[in-house]
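These notes concern the structure reproduced below.
Please treat every number below as a calculation from the coordinates, not as lab data. In this text, all values refer to a predicted model and were calculated from it rather than measured experimentally. A quick note on method: Cβ atoms are made from the backbone with ideal geometry, for glycine too, and the neighbour counts reach across all protein chains shown.
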Amino acid sequence: MKRSLTTIALATAVTLGGSAAHAQLAVYDATSYTKLIEQATTAVSQLNELKTQVTQGQQLFSSLNDASGVSKIASALGLPSLRSFLPDTSAFSGATNGDFSALGAIGAKAETIRSANRLWTAPTEDAYGADIEAAGQRAARDLALGQSVTAAGAQRLEGLRDLQAAIDTAPSARVVMDLQVRATTEQAMIANDQMRLQGFAMAQAAEDRLQAQRERERMLAARDARMAAYKQGFQ
């Protein structure tokens, strides 16, 4: 009987020990569970953000490879009348001698201006009359050039406004980049035209000084001729 009680006591102790160990494993830790949920939520959010970035990158790459069609925007900027409205320096100087043909459209306009404003025609082999005629031709040339520059400036301004409007409504990054490059190219061309116009202005000023010098020399030559004739009268 004593042995049986001992056996029962041992069995009870083992049973109770096993139940205590099982109770320890089944304990619910709310703090750890909450942290696991937060970590999983953060991971999902980061994954979605990464997917969005990948999608945006793919769209950007695709837009950069699409044709922008910029050449059709502000097409007026590519017209020959705007790209080459300024004449060559040699043609510009040649108009002083009445050769307006080399100036193209500006020359035709200068010829019209000169004809409309001519009030006197110099006699043949009249040096003074030739200078007067040259001065009239220069004035007609310069006026025609000024009118052409004004017209080209208005045309270019309209094209630049079209570019600006297109940039504001560009559907893709490729279009924006191409429009910005186009605008930069136009700015470079404007700077080049301004430099050429400064050269023309210097040539015009030099021609005026040369004309004034010719008039002074003509006066001196006439004076010397009179003095020579005066001296000849006493010989």
Discussion item. At 7 Å along Cα-to-Cβ for each site, give me the label-to-label distance between A165 and W120 in nm.
Written reply: 5.2
Fill in: trypsin sites (Lys or Arg not before Pro) within the range 88-170: DSSP coil, no more than 13 neighbouring Cβ in 10 Å
R118
Discussion item. At 7 Å along Cα-to-Cβ for each site, give me the label-to-label distance between Y230 and D208 in nm.
Written reply: 3.4
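Using r as the Cβ-Cβ distance of L197 and A173, and R0 as 45 Å, what FRET efficiency do you calculate, to the nearest 0.05?
Values: r = 36 Å, r/R0 = 0.80.
Working from the Cβ atoms, E equals 0.80.
Ranking E158, E125, E133 by Cβ neighbours within 10 Å, fewest first, what do you get? Write down the numbers at each step before the final one.
On the way: E158 12, E125 7, E133 18.
Arranged by neighbour count, lowest to highest, E158, E125, E133 become E125, E158, E133.
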Worksheet entry | Dipole of the range 147-235 [Lys/Arg +1, Asp/Glu -1 at C-beta], most positive-end residue of A183, A205, S172 | A205
Worksheet item: Once fully extended, how much extra length lies between S90 and Q147, figured as 0.36 nm per residue of separation less the alpha-carbon to alpha-carbon distance?
Response: 18.5 nm
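Using a Förster radius of 35 Å, what is the FRET efficiency between M189 and N48 based on their Cβ-Cβ separation? Nearest 0.05, please. Each step should come with its number before you reach the end.
Values: r = 48 Å, r/R0 = 1.37.
E(calc), rounded to 0.05, equals 0.15.
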Practice prompt. Order by neighbour count: I73, I190, fewest other Cβ atoms within 10 Å first, most last.
Written response: I190, I73
Fill in: Point-to-point label distance, Q155-M219, nm (Cα→Cβ direction, 7 Å offset)
4.4
